[in-house]
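What follows is a short report on a single structure.
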C-alpha cells in the first residue's frame, strides 16, 4: 500500500497526504488548500473529501454577488 497520495481537485493539485503514525497528514501545494496544511486524516479519501469541500466553498463564495456599495 502506498505511503503517499497526490490529491487533485479538478485542474488543481491540492497537495499530498503522507502516511504517518496516526493516519495521513496533508501537505498543501496551492494556497487555496493551505487551511488543510498539517491536518491529520484517518484516510487519504477523508483528506480528498476535505480538499473538495474547501474547493467547493471557495467556488461558492466566488460566485456570490458583491455586497459592496
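Could you count how many residues in the stretch 3-17 are touching a strand residue (DSSP E or B) at 6+ places or on another chain (Cβ under 9 Å) and either surrounded by 15 or more Cβ atoms within 10 Å (Cβ to Cβ) or without any contact (Cβ under 8 Å) to a residue 12 or more places away in the chain (or both)?
Step one: list which residues in the stretch 3-17 are touching a strand residue (DSSP E or B) at 6+ places or on another chain (Cβ under 9 Å), which gives 3-8, 13-17.
Applying the additional criterion that residues be either surrounded by 15 or more Cβ atoms within 10 Å (Cβ to Cβ) or without any contact (Cβ under 8 Å) to a residue 12 or more places away in the chain (or both) yields 5-8, 14-17.
Of the residues in that region, 8 qualify.
Got a number for residues in the stretch 18-30 being more than 10 Å from the chain's Cα centre (by Cα) and surrounded by fewer than 18 Cβ atoms within 10 Å (Cβ to Cβ)?
Residues of the stretch 18-30 that are more than 10 Å from the chain's Cα centre (by Cα), as a first pass: 18-25.
With surrounded by fewer than 18 Cβ atoms within 10 Å (Cβ to Cβ) added as a condition, the list becomes 18-23.
Going through the stretch 18-30 one residue at a time, the tally reaches 6.
Being surrounded by fewer than 11 Cβ atoms within 10 Å (Cβ to Cβ) and modelled with pLDDT of 95 or more, is that true of even one residue in the stretch 53-66?
Among the residues of the stretch 53-66, not one is surrounded by fewer than 11 Cβ atoms within 10 Å (Cβ to Cβ) and modelled with pLDDT of 95 or more, which makes the answer no.
Give the number of residues within the stretch 1-29 that are part of a loop (DSSP other than H, G, I, E, B) and either over 20 Å from residue 57 (Cα atoms) or at pLDDT 95 or above (or both).
Restricting attention to the stretch 1-29, the residues satisfying the condition of being part of a loop (DSSP other than H, G, I, E, B) are 1-3, 10-11, 21-22, 29.
Next cut, either over 20 Å from residue 57 (Cα atoms) or at pLDDT 95 or above (or both) only: 1-3, 21-22, 29.
Residues meeting the conditions: 6.
The values are calculated or read from the model by the stated rules, or taken from the named source; none is laboratory data. Keep in mind the model is a prediction, meaning the values are calculated, not measured. Methodologically, a virtual Cβ is constructed for each residue, glycine included, from the backbone with ideal geometry; neighbour enumeration extends over all protein chains shown.
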